[in-house]
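Heads up, the thing below is written out as structure tokens.
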2 protein chains.
Amino acid sequence: MNIPRTSYPRIVIIGGGFAGVALARKLSKQEVQVVLLDKNNYHNFQPLLYQVSTGGLEPDSIAYPIRKILKNFPNFFFRLANVEFIDTEKNELRTNIGSLGFDYLVVASGSKTNYFGNSEVEKNSMAMKTIPQSLDLRSLILENFEDALLTSDLNERNALMNFVIVGGGPTGVELAGALAEIKKGILPKDYPDLDTRMAQINLVQSSDCLLKGMSAEASQKAEDFLEKLGVNVWKNLRVTNYDGSVATTNGDIAFKTQTLVWAAGVKGALIKGLDSESFVTRGNRILVNEFSQVNGFENIFAVGDIACMVTEEFPTGYPMMAQPAIQQGTQLGDNMLRLLEKKPMTPFKYKDKGSMATIGRNKAVVDMKNFKFQGIFAWYVWMFVHLFFLIGFRNRMVVFVNWVYNYIRFDREARLIIRPYKEKLKKHKK
Amino acid sequence: MNIPRTSYPRIVIIGGGFAGVALARKLSKQEVQVVLLDKNNYHNFQPLLYQVSTGGLEPDSIAYPIRKILKNFPNFFFRLANVEFIDTEKNELRTNIGSLGFDYLVVASGSKTNYFGNSEVEKNSMAMKTIPQSLDLRSLILENFEDALLTSDLNERNALMNFVIVGGGPTGVELAGALAEIKKGILPKDYPDLDTRMAQINLVQSSDCLLKGMSAEASQKAEDFLEKLGVNVWKNLRVTNYDGSVATTNGDIAFKTQTLVWAAGVKGALIKGLDSESFVTRGNRILVNEFSQVNGFENIFAVGDIACMVTEEFPTGYPMMAQPAIQQGTQLGDNMLRLLEKKPMTPFKYKDKGSMATIGRNKAVVDMKNFKFQGIFAWYVWMFVHLFFLIGFRNRMVVFVNWVYNYIRFDREARLIIRPYKEKLKKHKK
């Protein structure tokens with residue numbers, strides 16, 4: 001990679017997610033050279049991916065060009081690259097576009113879907129961690145309805161209109177809610193010749209409550225909201241396999257479905273070379289100290305989902321969400337500047353800003369430190385907070401216009417099959 | 001296809017473009033059954049595709065769900081289908097999802113890129129007739145700049161930053177203008193470590209003027225605007241071949257380029273079974289009479305790009321553009337209702353509403369019947385007209401927000417490589 005070496009120390013950041021971008025912003029205009037590597041040329045606002053899948057938003061409005069985030073930073077270099085190996089002895093990365101030395105390395109590679117070793121589920125299910133995946137899911141949902149029109153086989157039609165979402169975390173809950181709204185508001189209008197009451201939305205959660213990590217009130221209320229919307233909530237049920245047509249469970253029930261969305265968990269996106277058993281812990285996360293330093297290294301750090309910083313309050317690390325990632329990235333930025341000035345670093349302190357999930361029109365649950373509320377006010381708060389955290393004025397405006405429109409018109413206009421998914425699948429299987 | 005036969009006559013429309021949609025709208029709420037077939041579930045506003053390719057707009061805001069256009073029409077059926085054969089004797093269509101009988105058939109299948117038989121150009125060049133194609137071009141342009149950063153081979157870098165657009169019609173002119181704006185406004189900011197002056201935009205036109213079909217003033221002014229923007233305009237030059245790295249011409253020059261956009265012409269998208277030499281004419285268009293009836297048939301019609309209606313003023317048929325398509329569709333709707341009431345049909349009369357093209361910020365050319373103008377006022381008119389003809393309030397709002405933002409900020413934020421194109425290409429070639 002032809003990036004000039006200057007007198008400034010070189011900090012390489014792997015990953016332009018919440019953590020990586022927060023860090024890079026903090027380091028901008030400082031006397032350091034920053035190289036940010038990412039597989040995509042955009043930062044992606046993951047919390048709204050489910051709205052892309054359900055036709056409520058276009059993908060371009062929840063993504064933001066990474067180059068633009070840091071455009072006025074003269075010592076900043078972005079490269080579209082896939083990091084393949086971290087050589088911790090030589091302080092060097094190997095990527096698909098060549099190798100790169102570093103003085104400091106920050107791994108902010110995030111997380112990926114965790115199939116818990118089940119390769120059949122991995123092959124046949126849909127995930128919703130990236131924009132292309134979300135678009136594939138959007139296409140599949142719409143293609144299913146189109147296909148349901150064509151078949152006279154009742155079982156097949158049922159399977160096409162039966163949606164199974166595995167995982168009752170925020171992603172699963174929000175997707176289930178959005179699908180239920182589509183069933184109620186859009187299907188009857190778009191498919192008057194289809195009995196859309198047959199569309200079933202199943203949310204399967206292995207434990208006894210939804211939105212684990214939020215309060216009992218939020219969890220219960222989310223469940224109530226979903227049931228009111230007609231979602232079948234299955235608790236204490238685990239999907240054990242899915243062959244592309246039937247999802248088996250550890251209970252008495254099996255689901256005949258053409259669409260299984262796997263939102264049951266994530267794991268750290270480890271990179272070879274920095275995956276030693278001595279510091280990789282549960283969920284493929286890298287153990288770091290309170291300064292985000294990877295155990296055993298002075299100059300290698302990890303932040304965000306990939307990092308596991310153990311505290312008394314969070315004995316298995318902070319939740320794999322935007323807030324800890326942003327705060328760790330920002331804090332590490334400060335600490336790196338201190339480090340370079342030979343000042344002592346300050347330990348990370350997590351400010352819990354609360355958590356929230358939306359279930360559908362006028363329905364959300366919000367947990368703040370001393371204040372929990374649910375319903376329409378929570379829904380407004382949810383929207384405001386998500387607009388606020390979106391990067392870019394244009395994105396905010398476009399998302400806002402879409403939300404206002406969707407709200408007033410009970411509609412989701414981005415129900416477009418731009419890249420058919422089933423075709424791709426067929427080609428893939430050949 | 002399980003569409004119930006009712007007592008109403010069945011009108012099947014192939015294609016949900018400008019002509020097909022205008023026709024279906026006219027027939028809505030009448031005593032007919034309408035079946036609309038299209039390969040996509042959306043209507044696509046082709047005149048703005050070049051803005052998708054150049055990161056100015058998201059694809060979702062220039063597409064509109066076909067089902068939604070006709071949602072309050074009880075006898076309307078849409079099917080996502082590829083028509084493979086028209087059996088004119090049995091009055092039946094064969095499609096990838098089964099066959100379908102018709103009482104009346106309207107072919108509004110539009111046009112596709114015309115490579116004039118050059119399969120190597122077809123294989124190696126980029127087209128811009130569909131949304132996926134436009135997105136592929138967007139990805140390729142951005143990937144080229146990313147790759148240009150990586151190479152130290154000057155020839156390769158030149159080829160990556162050299163864009164050749166073949167065809168000086170509205171598509172070619174508008175794309176060249178938009179690329180020139182990117183070169184000027186965005187590249188220097190996004191790629192400070194790249195000498196973006198090396199980016200070349202070449203527009204190649206086989207005849208001696210751009211925007212054939214518009215006035216001499218418009219043509220000359222468009223050329224002036226482009227040259228001011230730094231576009232190399234090549235007239236009286238024909239690209240004879242392109243092997244993926246060098247474009248040869250009938251002149252002394254050859255272009256070393258990684259990106260050749262073929263906008264040199266279109267031809268009718270003929271369907272087997274309705275492709276007899278007796279009525280297919282120049283450019284694969286179907287000869288129709290003044291009622292849009294295909295020569296030799298009472299109940300088969302063609303409208304839009306695929307139809308060639310010869311008049312004194314237009315001896316080779318109306319131009320393959322939105323206006324004639326919309327007007328023919330609307331007129332045919334009226335005529336079909338007359339036909340069903342056994343009233344005489346009225347012949348088609350084209351109202352020339354003028355034509356226009358935009359070249360870049362503040363620059364457009366407009367030809368109206370008695371009034372020709374160019375420059376900033378033309379540009380405002382261009383924007384207003386395009387917003388007006390976009391279907392859907394949400395689309396208009398989102399496009400408007402984007403345009404205002406892009407104008408004020410000299411920016412195009414949708415510069416996202418969501419589905420990398422080069423990867424796809426590699427897989428394809430394997």
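Structural remarks
- Label spacing, shortest first and in nm, from B:Q30 to its equivalents in the remaining copies (7 angstrom along Cα→Cβ): 7.0
- Cα-based radius of gyration for the protein assembly as shown, normalised by 2.2 N^0.38 Å, reads 0.99.
- With the simple model of a label 7 Å out from the Cα in the direction of the Cβ, B:N241 to A:D208 spans 7.5 nm.
- 0 to 90° range, to nearest 10: angle between helix B:376-389 axis and chain B longest Cα axis: 40
- Shielding of A:389-398 by partner chains, average beta-carbon count, 10 Å: 4
- 15 Å Cα-Cα reach of A:K235 towards aspartates and glutamates, excluding residues that sit fewer than 8 places from it in its own chain: A:D208, A:E223, A:D224, A:E227, A:D252
- Label-point gap, in nm, between A:K228 and A:Y380 - each point 7 angstrom along Cα→Cβ: 1.7
- Per residue, in Å², the accessible surface of region B:4-54 once ligands and nucleic acids are set aside, probe 1.4 Å: 32
- Taking every residue in B:417-426 and counting other chain Cβ atoms within 10 Å of its Cβ, the average works out to 3.
- Nearest-to-axis residue in chain A, judged by Cβ distance to the rotation axis that brings A onto B and given in whole Å, is A:E58, 2.
- Computed about the Cα centre, the dipole magnitude for region A:342-394 is approximately 300 debye when only Lys and Arg (+1) and Asp and Glu (-1) carry charge, each at its Cβ.
- Sum of -39500 (n - 2.57) over DSSP H runs of 4+, divided by residues of chain A (222 nm, nearest 500): -10000 deg cm²/dmol
- B:N295-B:R5 FRET efficiency (beta carbon distance; Förster radius 30 Å; 0.05 resolution): 0.55
- Cα gyration tensor shape of region A:275-337, rounded if a/c is under 1.5, else prolate or oblate by comparing a/b with b/c: oblate
- Over chain B, relative contact order from alpha-carbon pairs under 8 Å, at least 6 apart, %: 20
- Label-point separation in nm, A:I408 to A:D352, each point 7 Å along Cα→Cβ: 4.0
- Note on A:K68: lysines with a C-alpha under 24 Å away, same-chain residues under 8 apart excluded, are A:K26, A:K29, A:K39, A:K129, B:K183, B:K184, B:K189, B:K422.
- Expected-Rg normalisation [2.2 N^0.38 Å, Cα atoms] applied to region A:98-178: 1.55
- Charge sum, other residues only, whose C-beta stays under 14 Å from B:L229's C-beta, Lys/Arg counted +1 and Asp/Glu -1: +2
- Summary for B:P344: label point 7 Å along Cα→Cβ; distances to the equivalent points in the other copies, ascending, 10.1 nm.
- Semi-axes of the equivalent ellipsoid for region A:276-406, Cα gyration tensor, largest first, Å: 34, 18, 13
- For chain B, the longest principal axis of the C-alpha atoms and the axis of helix B:216-228 are separated by about 40°.
- Stokes-Einstein D in µm²/s, Kirkwood radius over Cα pairs - region B:232-307 at 37 °C with 0.692 mPa s viscosity: 215
- Average Cα contact separation per residue, region A:45-183, under 8 Å, 6 or more apart, as relative contact order %: 27
- Packing-based ranking, highest mean first, of A:343-353, B:307-317, B:194-204 given that Cβ atoms within 10 Å are counted: B:194-204, B:307-317, A:343-353
- Over all distinct Cα-Cα pairs of region A:145-276, the Kirkwood formula returns a hydrodynamic radius of 15.9 Å.
- Calculated FRET efficiency for the pair A:E120/A:D275, C-beta based, R₀ 25 Å, to 0.05: 0.50
- A simple charge model with +1 on the Cβ of Lys and Arg, -1 on the Cβ of Asp and Glu and nothing else charged puts the dipole of region A:252-326 at about 360 debye relative to its Cα centre.
- Inter-copy spacing of A:D224 label points, which lie 7 Å from Cα along Cα→Cβ, given in nm from shortest upward: 7.1
- Isotropic mean projected area of the C-alpha convex hull, region B:63-198 (nm²): 12.9
- Dipole of the protein assembly as shown [Lys/Arg +1, Asp/Glu -1 at C-beta], most positive-end residue of A:L137, B:N395, A:Y318: B:N395
- Projecting the Cα atoms of A:L340, A:A254, A:V404 onto the charge dipole of chain A, computed from C-beta unit charges around the Cα centre, puts A:L340 farthest toward the positive end.
- Net charge, B:A254 excluded, C-beta distance under 13 Å - Lys, Arg +1, Asp, Glu -1: 0
- Between B:F388 and B:L340, the contour length at 0.36 nm per residue exceeds the alpha carbon distance by 14.0 nm.
- For the protein assembly as shown, a crude dipole built from +1 on the beta carbon of Lys and Arg and -1 on the beta carbon of Asp and Glu, taken about the Cα centre, is about 960 debye to the nearest 20.
- For region B:208-222 versus region B:1-71, the gap between their alpha-carbon centres in whole angstrom: 33
- Chain B: angle of helix B:322-340 to the longest principal axis, Cα-based, in degrees nearest 10: 10
- Viscosity 0.890 mPa s, 25 °C: Kirkwood-radius Stokes-Einstein D of region B:333-398 over Cα pairs, µm²/s: 169
- For region B:217-274, radius of gyration divided by Kirkwood radius, i.e. Rg to Rh on alpha-carbons: 1.10
- Stokes-Einstein D (µm²/s) once Rh is taken as the Kirkwood radius of chain B over alpha-carbon pairs, at 37 °C in 0.692 mPa s: 144
- When only Cα pairs below 8 angstrom with a gap of at least 6 residues are kept, region A:303-386 shows a relative contact order of 16 percent.
The values are calculated or read from the model by the stated rules, or taken from the named source; none is laboratory data. Quick caveat, the model's predicted, so the values are computed rather than measured. Ideal geometry is used to build each Cβ from the backbone, glycine not excepted, and the neighbour counts take in all protein chains shown. In case anyone asks, the SASA skips ligands and DNA or RNA and just uses the protein heavy atoms, side chains included. Shrake-Rupley method; radii C 1.70, N 1.55, O 1.52, S 1.80 Å.
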